[in-house]
Each structure stands twice: as structure tokens, then as C-alpha cells.
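The values are calculated or read from the model by the stated rules, or taken from the named source; none is laboratory data. The model shown is predicted, which means the values in this text are computed figures rather than measured ones. Don't worry about glycine lacking a Cβ; one is built from the backbone with ideal geometry, like all the others, and counts go over all protein chains shown. For the accessible areas, the whole protein counts, side chains as well, though only heavy atoms, and no ligand, DNA or RNA atoms are used. Shrake-Rupley method; radii C 1.70, N 1.55, O 1.52, S 1.80 Å.
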There are 2 protein chains.
Amino acid sequence: MSHVLSTSCSLKLSSSRKSYSRALDRHPASCPTLFNFGSSRGALRRLVLQEKRTQRSCVAHAATIPISQESLTETSSGSDQTSSGSAKAQRVLVIGGDGYCGWATALHLSKKGYEVAIADNLIRRLFDHQLGLDSLTPIASIHNRLRCWKSLTGKTIELYIGDICDFEFLSETFKSFEPDAAVHFGEQRSAPYSMIDRTRAVFTQHNNVIGTLNVLFAIKEFREQCHLVKLGTMGEYGTPNIDIEEGYITITHNGRTDTLPYPKQASSFYHLSKVHDSNNIAFTCKAWGIRATDLNQGVVYGVRTDETEMHKVLCNRFDYDGVFGTALNRFCVQAAVGHPLTVYGKGGQTRGYLDIRDTVQCVELAIANPAESGEFRVFNQFTEQFSVHELASLATKAGEKLGLDVKTISVPNPRVEAEEHYYNAKHTKLIELGLKPHLLSDSLLDSLLNFAIRFKDRVDMKQIMPNVSWRKIGVKPKTAAA
Amino acid sequence: MSHVLSTSCSLKLSSSRKSYSRALDRHPASCPTLFNFGSSRGALRRLVLQEKRTQRSCVAHAATIPISQESLTETSSGSDQTSSGSAKAQRVLVIGGDGYCGWATALHLSKKGYEVAIADNLIRRLFDHQLGLDSLTPIASIHNRLRCWKSLTGKTIELYIGDICDFEFLSETFKSFEPDAAVHFGEQRSAPYSMIDRTRAVFTQHNNVIGTLNVLFAIKEFREQCHLVKLGTMGEYGTPNIDIEEGYITITHNGRTDTLPYPKQASSFYHLSKVHDSNNIAFTCKAWGIRATDLNQGVVYGVRTDETEMHKVLCNRFDYDGVFGTALNRFCVQAAVGHPLTVYGKGGQTRGYLDIRDTVQCVELAIANPAESGEFRVFNQFTEQFSVHELASLATKAGEKLGLDVKTISVPNPRVEAEEHYYNAKHTKLIELGLKPHLLSDSLLDSLLNFAIRFKDRVDMKQIMPNVSWRKIGVKPKTAAA
């Protein structure tokens with residue numbers, strides 16, 4: 001997938017989305033050069049750039065394009081040091097830093113004084129193109145996002161465009177950036193996407209498993225002290241009838257005791273790919289002394305973080321569709337446009353949830369408190385549990401306060417999962433490290449609903465209903481036209 | 001890897017191996033046409049064959065070459081029905097049927113009256129070529145093996161040459177052969193191979209995981225009642241400090257109880273690939289109603305089965321090298337050539353072992369007693385536990401009886417594994433189905449040692465020592481010349 005190169009993104013912004021055009025008209029004076037879309041001169045300069053970094057002997061290769069601020073903001077002073085950064089700032093590579101959680105995290109870490117680089121092949125944007133989907137919010141190209149960030153904060157985030165399944169790309173990125181920590185969001189992250197057809201199932205497992213293997217090899221070969229912070233999912237555990245622990249469980253059996261990896265029961269090819277990753281990473285910690293933290297994240301809701309709300313060009317993506325949309329975000333959009341909230345089956349499915357502001361906080365806590373060499377550390381990254389029914393009820397009440405008439409319907413469950421079950425998952429380790437949770441509150445729901453209402457003209461009603469079936473997945477490729 | 005086509009194998013037999021040439025001189029009259037190696041007329045006919053089968057509407061595609069007996073033994077009567085087969089015989093596709101366990105199994109099932117086909121890309125032979133390894137025993141091409149089998153028994157085993165990672169090939173194979181059971185040996189099966197370099201690690205996980213995903217999709221799409229009999233490994237469990245159960249463990253935790261997948265702790269990229277497979281298969285049993293049996297096999301020893309010893313051309317492979325050789329087989333070869341037995345580290349590593357005659361028996365029992373629709377059944381397939389030290393001691397005693405002076409040396413352990421540990425693995429389910437174990441006896445060891453002595457002129461001393469390190473694996477590809 002390394003053919004997905006940087007130039008494709010610059011062009012995307014020249015599309016004729018009305019609401020976005022309006023947003024552009026209101027751009028503040030603090031980002032004077034941001035909206036020079038698709039400058040062919042700038043684009044060409046980026047593509048041919050053979051950059052020599054002053055303090056590191058690095059030559060950018062054709063497939064690895066560290067786009068430093070020098071080439072992006074032509075008004076820059078020429079320094080590539082961030083204002084708050086020092087020579088000793090931790091260097092963090094955010095793999096998948098153009099995505100929903102990755103983008104928010106990259107900005108948060110940059111703001112916190114880390115030296116940040118993003119590695120991304122931008123394929124999440126391609127998925128939208130291919131499936132005919134789009135973010136509720138207009139999102140700028142990664143190039144313009146980073147220009148804006150530099151303009152607002154003086155901080156540079158380096159950009160490496162390429163595919164981590166391409167080991168040459170990843171090698172060059174590691175050798176060039178020399179990360180102290182690698183935060184790995186760079187996976188296909190939708191369960192329904194992985195269940196569309198055989199090709200997507202195979203893509204998801206190949207992409208996620210091999211990409212992660214490559215990251216492990218890159219750390220071993222080039223940066224053996226680099227701390228891997230890997231995004232897992234609470235979905236790896238499934239819904240066992242006993243309490244879910246954080247990664248490990250102590251079992252006494254026939255009079256003997258051992259602490260073993262917590263048994264996994266994932267229920268989509270996507271969730272399974274994360275289980276495979278966890279097993280692979282655990283092995284390399286033991287065999288090679290890799291230091292790793294596996295963040296088994298719950299369902300993320302919300303869109304704003306302190307950093308992304310600094311400017312419209314920094315706005316995060318917000319998915320509400322049946323493939324990439326997560327439960328609460330989808331409900332808010334449904335309420336905003338007068339569509340009934342779609343509860344799958346009985347609605348008793350209970351999961352862990354967290355605000356995206358806690359995602360970025362958790363990742364920063366993991367980086368600031370790294371795993372030991374050889375340690376495979378697992379944190380359950382969520383703050384509260386809700387059933388789907390409880391979420392629907394909360395969204396209904398919030399809608400009513402805003403004068404919306406919110407209905408709920410049960411739709412046939414496209415997934416194969418228990419719809420009523422015991423669920424009690426531990427999540428104390430990140431609290432112990434200092435996490436201050438943003439619990440789901442009336443005010444957050446109000447804000448999220450208002451956000452959805454603000455962008456409701458952009459809602460494509462055809463995207464709302466689930467159209468991927470766990471049972472009906474077949475071998476015939478599903479094309480966009482099908 | 002689908003470029004590994006049939007013609008490459010016919011040619012291999014024209015090599016100038018002395019001991020094999022001798023064996024050929026002694027071929028019995030019952031296989032008159034077997035040694036017409038590399039017949040270009042036959043090879044060409046096979047490649048262009050567009051076969052119409054009489055009872056099934058099947059056209060062989062270019063990538064799928066069902067080589068029926070008509071094209072193989074030109075003296076054949078023209079019937080493609082086996083003598084003992086009936087219209088109701090179970091049809092079993094043996095994926096990887098040219099390998100060590102697969103070949104023995106295919107013959108055993110054919111002898112038992114099953115209608116058998118082999119699907120194989122023959123890549124195991126390519127691994128030997130690339131790494132400069134060879135079986136202790138001379139092995140015939142798959143084409144000649146099948147001709148011989150037909151000649152001796154009148155039974156046809158169909159052959160599909162191709163790669164199950166190529167879904168078009170696999171689809172055509174399923175549609176053409178219409179299996180009632182698929183026995184899946186078609187994986188890269190060496191832990192050291194998976195630890196040679198990054199490329200082999202990635203190959204192993206991709207090949208095994210995607211191949212198995214494809215088999216699951218093929219069953220779902222084309223033969224939903226087909227019983228998948230998948231070869232797993234006891235190595236999936238690692239060496240926990242509690243008893244190893246067969247696939248599942250009942251856990252009581254904080255006052256609640258559930259039966260969950262047994263926690264896995266695999267310790268090579270190969271073993272991990274089998275864990276990934278198990279998780280993927282379990283999901284599809286639940287989501288799609290696949291019926292599957294996972295055979296977590298121990299270390300296999302021995303070479304002869306009732307069927308492979310019927311004729312030299314049917315002889316199985318026997319690996320003694322540091323990459324593909326398994327412990328007891330390796331010790332016998334070392335004893336035969338006067339090389340010290342190489343014990344890795346402390347030698348307390350304890351594993352389950354079984355005779356290859358029990359491998360074929362277990363697979364047949366699994367097929368004859370299929371899993372229910374939706375059931376993911378796990379059997380631990382071994383008959384006895386031994387530590388490496390115990391095996392070395394047994395081989396030493398057997399060698400002394402034959403007048404050999406057998407020494408043992410401890411070599412630095414190339415693997416990362418516990419060298420002294422608790423080990424107690426359950427293995428009752430196959431016994432309950434009727435397995436009659438061939439336990440490791442003095443007579444078997446005598447026979448195995450004599451076998452090794454018989455072929456000792458073929459031993460390449462350079463292959464004996466382990467040369468793959470779990471800790472030193474790197475990203476630079478290891479070439480044969482390195």
C-alpha cells in the first residue's frame with residue numbers, strides 16, 4: 001500500500017464541500033499560509049527533497065519523506081527545533097498518526113514537549129474513498145494539519161509517508177527519526193471492515209500482523225531501547241463469564257498455580273488480528289527484551305481534544321457510518337438528524353468506553369512511565385462500562401433536552417456476539433499511573449450532540465445502517481458499486 | 001509461491017545421488033513404469049491437460065492440475081475409481097500431503113478406503129534446495145509416489161499442485177474435489193525456519209495464517225459441511241506451571257466460573273502462527289458453524305508406516321538437520337554417524353512425543369468421528385512425555401546395543417525456552433476415540449537407529465548443528481551462501 005503517497009492528500013482539499021468552504025472563509029490570521037491548497041511548487045519541493053538534518057546524519061529516501069517545517073512553511077525561520085523541545089526531549093513516533101486516535105495523540109504529545117513524528121500511509125482516507133464514506137467533520141490533509149500546528153504552536157511534527165508493511169520504509173523511518181517510543185495506531189481498526197469480504201479479512205490480518213512484526217524487528221535492529229506502545233482492544237477478551245483482568249490471570253488448577261496470559265475470545269477478524277499482535281509482542285519481549293505496553297482500549301467517543309480544537313484545520317475525524325462509526329458517536333449523529341438510534345439485537349452488549357481526551361492522556365502516561373526491558377505490560381484503557389441500551393438511553397435524554405425527538409429501534413444484529421452477558425473488566429493500572437478520567441457526563445453529551453447538529457448537513461443517511469454481516473461474509477469481493 | 005509447479009519435481013530424481021540410484025536398481029516388477037523419470041511427453045501432457053471428469057463437472061484450470069491416473073500411468077484402464085472406493089466413500093483433501101506427516105497420512109487414508117486428494121505447492125522441497133538441506137532418505141517426486149501407490153494398490157490419489165494462499169487455486173480445488181474433510185498440514189512447520197531472519201518470520205506467519213483463513217473461507221463458501229482437521233502443535237501451550245488441558249480450561253475466579261480457551265504461550269514465530277490459526281478457527285466455528293478439530297500434535301518421530309514401507313518409492317522423508325529435524329530423529333542420526341547427541345542447554349525441556357504411525361491413526365480417528373457443526377474441538381495428539389535428557393539417554397542405550405559409542409554434549413541453547421520446568425499435558429481424548437498408541441520401545445529405537453545407519457552415507461555433517469538463534473535473528477536476509 002506504499003503507493004498511497006503524500007500528493008494525493010493535498011488535492012483532496014480542493015473538493016467542493018460546502019460546509020468546509022465556509023469554514024475556510026473564517027480562517028484566523030494566525031494561520032496565514034495554511035490554505036494555499038495544492039501548491040504545485042510546494043508539492044514538488046517535498047517530493048524531490050533530499051534533506052540533510054543538521055544534528056543527525058540522515059538522508060531521506062524516495063519512499064521516506066520527512067517533511068520538515070522548512071519545506072512546509074516558507075515563512076519559517078529555518079530552525080527545526082520546537083520551541084519547547086530540548087535536545088533531551090523524548091522522541092515519539094506515532095504510527096497511524098493521521099487517524100482518529102493517532103492524530104489527537106500526536107498533537108497532545110507535541111504539546112507536552114515530546115519530539116513527535118507521524119508515520120502513516122494515509123490508507124484510512126482511501127478506505128473512505130473506496131467505500132463511499134466520509135467523516136462527519138471536514139478534515140484537512142495531513143500536510144495542512146501539520147503546517148497549521150507549526151503555525152499555531154511553533155512545534156514541528158515530522159511526517160513519514162509510507163506503509164509499515166514495507167520494511168524498507170520502516171527501516172528508513174527508524175534510522176532517520178530514532179524514536180525513543182513508538183506508539184502504534186497503524187492498523188486497520190474496524191471490525192465491520194474486516195468482515196466485508198474475504199479480501200478485507202485477509203488484508204486486515206496481514207496488514208496488522210505483519211506491520212506489527214515489522215515494528216518489532218525495527219526496534220530490535222535499530223532502537224532496542226525504544227518502548228513500543230501498542231494499541232490493542234478490549235474486544236480481544238470477548239465476554240467471559242468471569243472478571244476480565246489486565247492482560248494476565250492467576251490460575252490455580254489441580255493444586256498448582258501460575259499467572260498466565262488472560263484467555264482471549266475475539267469475535268471478528270479485526271479483533272483477532274489484535275490478539276495475534278499481543279501474542280507476537282509478548283514473545284519478542286521474552287526472546288529479545290523488547291519493552292512493550294499493550295493498551296487494550298475500549299470504545300472511544302468524542303472528537304475534541306484541547307489541541308484539535310485550537311483550529312478548524314486541526315479538527316479530528318468523526319465517523320458515524322456502519323463500518324467505522326463507534327457506538328456513542330453514531331447515536332449522537334442519529335439523534336441529530338432524526339434517525340432512530342440503531343440498537344443491534346437485544347442491546348445488552350456491555351463494553352468499556354472512554355473519552356478521546358483520555359485516550360491521549362493514557363498514551364502519554366504509558367510513554368512517561370515506560371515498560372521495563374523485556375516486560376510485556378498490559379493496561380485496560382477505558383474509564384466506564386455501558387450497555388448499548390444504557391448508551392441509547394443517555395443519548396435519548398440528552399436529545400430531549402435539546403428538543404430533539406429521539407427514537408430507538410432494534411435492528412437485526414449483524415455481528416455474532418452475546419447480547420446479554422456478564423461483564424466486569426478491571427481498569428486500575430492507568431488510574432494508578434495518574435489518569436484523571438473524563439467520565440461521560442450530561443455536558444459532554446450535550447456538547448457532542450451539538451457538535452453533530454452543527455455538521456448535520458454533511459450526514460449521508462445511506463451510511464448510517466449496518467450493512468456488513470458477520471454470517472454472510474463471502475469470498476466474492478464487494479465493490480463500492482455493489 | 002504458486003510458481004512452484006509440478007515439473008520441478010520430476011526433474012529432481014535425475015540427480016546423481018548414489019544410494020538412491022542403488023535403490024532404484026532394486027525396484028520390483030510390481031512398479032514397472034515408475035522410473036521413467038522426467039518424461040517430457042508425460043510432463044507436457046500433464047501441463048496442458050484440460051481434464052473432464054466423468055462424474056463431476058470439473059474443468060482443471062491452469063493453476064489447478066488434478067493429475068488423475070489416466071495421465072500418470074499410461075497403462076491404466078482409464079477408470080479413475082479406486083478399487084475399494086465406493087460412491088459413498090468420504091472424500092478427504094490432504095493439504096500439504098507431500099510432507100513428512102502429510103504423505104504418511106494421505107497413504108493411510110487411501111488404504112483405509114477414503115477417496116483422497118493431495119493439495120501441495122511442494123515448497124517444503126524448495127526450502128531444502130534453498131537451505132542446502134536434504135532428507136536422510138531419498139524421496140521420490142510426488143508424481144512418482146502417486147504412480148507407485150496406484151500401481152501397488154489400484155488406488156488413485158488425486159493431485160492438486162498449488163498454493164492455498166492463492167484463493168483461486170484453492171477455490172478450484174474445493175469445487176473440483178468436493179472434500180468431506182480437509183486435513184490441513186499445509187503450513188511452514190519449523191520453528192527454527194521461522195527464526196532464521198525477518199523475511200522467514202514474516203513468510204511463516206503470512207503463509208500459515210492466510211492459508212488457513214483461505215481454507216476456512218473455502219469451506220464456508222463451497223463445502224459448508226466439510227470437517228476441518230487442522231494440525232496445531234503442543235508448542236502452542238508453552239510450559240505453564242499448571243497441567244495442560246486439551247484446548248480449554250475451566251477457571252473459577254472471584255467466585256465465578258467459565259470454561260475458556262487454554263492460555264497460550266508460544267515461543268517462536270512458527271508456534272505463534274499456530275496459535276493465531278487456532279484463534280481464527282475458533283471464531284469461524286462460532287460465527288459460521290464451521291466444524292473443526294485442532295490436533296495439537298507433539299514431536300513426531302519415526303519414519304515408517306505400514307503404507308510407506310510398501311515400496312522404496314513411497315519412502316517418507318526423514319529430517320535430521322538443525323532446521324527441520326525433530327529431537328529423537330536427530331539423535332538417531334547423530335548416533336549412527338558417531339556425532340555426539342546435541343542437547344540444547346540443560347536438557348530438561350519436556351515435551352509430548354508420538355510415533356508417526358500414531359499421527360496417521362489420530363488423523364483418521366478425527367475424520368471418522370467428526371466435530372459437530374459449530375464445534376471447535378481440540379485434541380492433544382501425543383502419546384508420551386520425555387525430557388531431552390531422557391531421549392538422549394534412550395538413544396545412547398539403543399546405540400550401545402548396536403555397538404555404537406554414543407556421546408552426548410550440551411550445546412548453547414539456540415532457543416529462548418525454560419530448560420527445567422513442570423510439564424503435565426493431558427491427552428485422553430484420542431485414546432477415548434480408540435487410539436492404540438505405539439509407545440517408544442527398545443525395538444522401535446533399534447529399528448530407527450538401524451534405519452539411520454542404513455542411510456548414514458547420505459548424512460551431511462554440516463546440517464547437524466543448530467545454526468539458527470532465537471536471539472540473534474535479524475532483518476538482513478540470510479542467503480544460502482552466507
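Beta bridges from DSSP with both residues in the range A:91-463: antiparallel share about 20 percent, rounded to the nearest 5. Shortest first, A:Asp460 label-point distances to identical copies amount to 5.7 nm, with the label point at 7 Å from Cα along Cα→Cβ. Applying a DSSP loop filter and a limit of 11 other Cβ atoms within 10 Å to the trypsin sites (Lys or Arg not before Pro) in the range B:115-218 leaves nothing.
The simple Förster model, with R0 at 35 Å and r as the Cβ-Cβ distance, assigns A:Asp460 and A:Tyr248 a FRET efficiency of 0.20.
For the segment A:201-214, counting C-beta atoms of other chains within 10 Å of every residue's C-beta and taking the mean gives 4. Restriction of the trypsin sites (Lys or Arg not before Pro) in the range A:405-468 to DSSP coil positions whose beta-carbon has at most 16 other beta-carbons within 10 angstrom yields A:Lys407, A:Lys426. Taking all protein chains as they are arranged and a probe of 1.4 Å, the heavy atoms of A:Thr350 leave approximately 20 Å² accessible to solvent.
To the nearest 10, the accessible area of A:Ser393 is 50 Å² with a 1.4 Å probe. Take the Cα of A:Arg256, step 7 Å along the line toward its Cβ, and report every residue of the range B:367-409 whose backbone nitrogen sits under 14 Å from that point. Output list for this probe position: B:385-387.
Peptide B:216-222 shows a mean partner chain C-beta count of 3 within 10 Å per residue C-beta. Remark: spin-label model distance A:Gln385-A:Glu224 equals 4.2 nm, labels positioned 7 Å along the Cα→Cβ axis. Near B:Ile164: Cβ cut-off under 10 Å, other residues only, Lys/Arg at +1 and Asp/Glu at -1. The net charge is -4. Counting Cβ atoms of other protein chains within 10 Å of each Cβ in B:263-273 and taking the mean gives 5.
How many nm is it between the label spots at A:Asp306 and B:Leu439, if each spot is 7 Å from the Cα in line with the beta carbon? Label-label distance for A:Asp306 and B:Leu439, simple model: 7.0 nm. Once the Cβ-Cβ distance of A:Thr479 and A:Asn450 is raised to the sixth power relative to R0 = 45 Å, the FRET efficiency obtained is 0.75. The rotation axis bringing chain A onto chain B passes closest to the chain A residue reported with its distance as A:His276, 2, by C-beta distance in whole Å. The range A:166-187 and the range A:215-272 have their alpha-carbon centroids 23 Å apart.
For the pairs B:Lys346/B:Lys401; B:Lys429/B:Lys462; B:Lys436/B:Lys462; A:Lys88/A:Lys220, note any where the Cα-Cα span goes beyond 30 Å. Too far apart for the 30 Å limit: B:Lys429/B:Lys462; B:Lys436/B:Lys462.
How would the range B:113-218 be classified by its alpha-carbon gyration tensor: rounded, prolate or oblate, with rounded meaning a/c under 1.5 and the a/b versus b/c comparison settling the rest? Oblate.
The label-point distance for A:Glu420 and B:Ala418, in a model that sets each label 7 Å from Cα toward Cβ, rounds to 4.2 nm.
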